[in-house]
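The values are calculated or read from the model by the stated rules, or taken from the named source; none is laboratory data. Being a predicted model, the structure only gives us computed values, none of them experimental. FYI the Cβ positions are ideal-geometry reconstructions off the backbone, even for glycines, and counts take in every protein chain you see.
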């Protein structure tokens, strides 16, 4: 247990008044090692936010056990809260504060000495390119800058485990990468970051390990390489040119794309298909499947298709 | 958290929710004193100055009550719209520190009003050591039960607009209808009975003694203190058991 930042065993969450509907989390077991960035991916309503809120001691669990840094979320909340920080989904900084005040006062509220809070604030603002906005009131900033300010707030803290629930939603690509940089820095300081996101490229770029949740259940868990090894077709081959679908059928699963086909295949079949295509003058590219492909194969729907129950909306 | 950490958290919360918003919008200070001053003006004019003392003590009670009940809007807004409470829950800040910090921060808005009414109280010649001690004790209890009431109510609100509906109702039920701005004896017997269900009736009874220059029997004063203390304690207990720090 000592090496685990978070350990969930058979965690189930049923919201009061959910009227016998499906649980938000169903018998979910998951171990998250200390240090590094752990990604949690899933569609809206999959249960990501519920899991984060239970782990961050904001929400009670219905059954099962969940420990953070070895402390039980049911009985040792105080010990957990002393060592965590959280940017909740859809949270906004207090609008009448300046950017600098949001970070600095948060740190002081956590009990940090003023000099330490000041030093950490300046470092975090610089890290997230917020120094030039430090005296600006938050309500005069764009949504992206507000989100960055919240990220700076928790990244500047002394917490050992950081919960970032969709921290880059609404950010432009440059701002996203600045947040990524700061999150990477936090993980280099031997802190654990639990990151939920809809952006599969984000979790692929940042996370050493990740879990895929769908309808409150854990569907896949591991490093991106391990996840690829677990899917039926770990390679993708795009084939463009004069080719008929029937000719590709024996190589794997086929999906039509603009001007050709995308074939999901095992390694041997992918190599064979590539050789076969090149001999016939087709345009091909071959590589390992992306997280998006894995998600599609496991869940059966793309991550941005939102037809899940409204469990997470209800909890908010 | 050590005691020093708790104090730092408390002070920071007062700064965050009390002093800094006033820097951004100084009119917040006028907001809480507007209603009590309006009552003071009308009651003094209509009574030709006879009920000035009642208008002053009523103004003090209303100001303190508003400092407590005003919390429900802030708490609901912070919890649902900004998710600030979730940020605080997932931090070393303990629930009682948050409660105390938010309550004290709300009191900051009332300080100009309190200062003004206390000044009027002194200038009108009501201030004796005993009267001032009574006034401070009563106002603290009024602030206490109003704060506990606000925390309990805020737990159940899902949208800040719901608080806009409740605040005037609470003011009406606790300060306008009960004999806070006038003597209890002005009411018919049946209304006096109904007024006894409002804790502010007992608060007003205690502070009105100083402005009416009528000696209150010790038993009556004891009953007033007892009821006021019991209501405050009960509302604190309700808040402690019903107000949610962690969602169920």
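Kindly evaluate residue B:160 against the criterion of being within 14 Å of chain A (Cβ to nearest Cβ), over 27 Å from residue B:27 (Cβ atoms) and more than 13 Å from the chain's Cα centre (by Cα).
no
So, of the residues in the stretch A:28-68 that are over 19 Å from residue A:78 (Cα atoms) and part of a helix (DSSP H, G or I), which turns out to be farthest from the chain's Cα centre (by Cα)?
Of everything passing the filter in the stretch A:28-68, A:50 is farthest from the chain's Cα centre (by Cα).
Is it true that some residue in the stretch A:88-111 is away from every other protein chain (no Cβ under 11 Å), under 27 Å from residue B:3 (Cβ atoms) and either at pLDDT 95 or above or surrounded by fewer than 24 Cβ atoms within 10 Å (Cβ to Cβ) (or both)?
Yes, that holds for at least one residue.
Yes or no: residue B:139 more than 14 Å from chain A (Cβ to nearest Cβ), surrounded by 23 or more Cβ atoms within 10 Å (Cβ to Cβ) and in a helix (DSSP H, G or I)?
yes
State the number of residues belonging to the stretch A:81-95 that are in a loop (DSSP other than H, G, I, E, B) and touching a strand residue (DSSP E or B) at 6+ places or on another chain (Cβ under 9 Å).
6
Which residue out of A:137, A:194, A:155 is buried (at least 24 other Cβ atoms within 10 Å of the Cβ) and within 13 Å of chain B (Cβ to nearest Cβ)?
The unique qualifying residue is A:194.
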